[in-house]
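The values are calculated or read from the model by the stated rules, or taken from the named source; none is laboratory data. Small disclaimer: the values here were computed from a predicted structure and weren't measured. Neighbour counts are summed over all protein chains in view; Cβ atoms, including those assigned to glycine, are modelled from backbone coordinates with ideal geometry. Calculation scope for accessible area: heavy atoms of the full protein, side chains included, ligands and nucleic acids excluded. Shrake-Rupley method; radii C 1.70, N 1.55, O 1.52, S 1.80 Å.
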Amino acid sequence: FLILAVHKEEGKSTLSRYSLSPLPMPGVKVVLAHRRTHSDLRAKMAAGPCSRAVCGLHAAAFIWCAISIWHHLAVTSSSKPSGLYLYGGRWKYLTFINQVMQTILFGICLLTDMFQLLGSNRKEGFCFHLLVLRDCFFSVLAFPVGTFVVASFWSIYAYDRELIYPQRLDAVIPVWLNHAMHTVVLPLLLLELITCFHEYPGRNKGLLGLGVFCVAYLIWMLWIKYIAGFWVYPFLAKLDCVGMLVFVAASVLIMVHLYFLGEFLTKLFWGRSTDQKKRT
């Protein structure tokens with residue numbers, strides 16, 4: 001019981017659908033049809049109840065990341081690689097920091113899913129704040145940093161593995177754990193991007209948050225060099241001042257463009273949300 005009407009507004013013809021009230025015809029069941037657009041569907045997918053499949057995915061990703069960290073921490077004292085337990089411990093490596101961030105991300109996602117499945121209101125209260133935290137954490141930190149770790153590690157590894165992951169580590173760190181920290185991160189992030197809509201913050205705010213993280217980690221590396229007298233990554237010792245400045249600038253630019261990449265992929269896959277914030 002749909003009619004297709006042609007409106008003329010300001011000299012332009014537009015097509016729209018209207019639902020009619022059911023006619024009083026005995027024995028005939030009428031189902032009203034409502035107008036739906038692609039943006040309506042995206043908004044519903046973004047704001048609708050969480051599916052059990054997505055919750056299961058987040059649970060599996062969280063467990064995987066937690067197990068990876070646990071095995072990384074379980075390196076026995078007899079097989080400690082040189083430099084691992086020097087000043088800063090594992091926390092001086094961006095790979096380990098990133099793995100912790102991925103675990104936190106999927107932990108937040110899982111907690112948000114559980115609240116949604118229990119019927120918590122997504123538009124107010126604790127669940128709403130969890131959603132904001134999840135989206136900001138994914139867009140500002142988890143995606144750009146995680147993608148950077150994978151891309152930079154394997155790029156340097158392909159050039160000369162001794163500069164980033166010496167061969168002696170193969171006897172200490174299992175192959176699967178190496179891939180868990182440096183490979184599987186990216187597929188999990190892409191899977192998260194296509195299964196859940198993430199509302200990006202204003203661009204200035206997002207880049208500011210990412211910039212604060214980059215500066216903080218750079219200060220942390222310089223502090224370790226100043227206090228302990230060694231560079232976190234061996235290849236940094238081969239760079240002069242100019243080379244160091246070029247490397248740092250290039251790394252920051254790559255990180256910023258990875259932020260733009262995540263924003264672009266989200267917009268490409270999900271389109272522009274009906275209530276998406278304007279870019280500042």
Those chymotrypsin sites (Phe, Trp or Tyr not before Pro) from segment 185-230 that are DSSP loop and have at most 16 other Cβ neighbours within 10 Å turn out to be Phe230
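Fully extended, how many nm does the chain gain between Phe230 and Leu169 (0.36 nm per residue separation, minus their Cα-Cα distance)?
Values: separation 61, 0.36 × 61 = 21.96 nm, distance 1.86 nm.
Full extension of this stretch gives 20.1 nm more.
Keeping every protein chain present and rolling a 1.4 Å probe, give me the accessible area per residue for segment 163-210 in Å². All intermediate terms of the calculation are to be shown ahead of the outcome.
Numbers: 2130 Å² over 48 residues.
It amounts to 44 Å² per residue over segment 163-210.
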Most packed first (mean Cβ within 10 Å per residue), the peptides 61-67, 153-159 order as 61-67, 153-159
So, with points 7 Å from each Cα along the Cβ direction, the His179-Ile63 label distance in nm works out to 2.0
Excluding ligands, DNA and RNA, the carbon-plus-sulfur percentage of the accessible area of segment 178-280 with a 1.4 Å probe reads 75
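In segment 135-205, which trypsin sites (Lys or Arg not before Pro) fall in coil by DSSP and have 10 or fewer other Cβ atoms within 10 Å?
Working: sites: Arg161, Arg168, Arg203, Lys205; in loops: none.
Of the trypsin sites (Lys or Arg not before Pro), not one in the loops of segment 135-205 has a Cβ with at most 10 other Cβ atoms within 10 Å.
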Distance in Å, no decimals, from the C-alpha centre of segment 208-258 to the one of segment 157-184 is 21
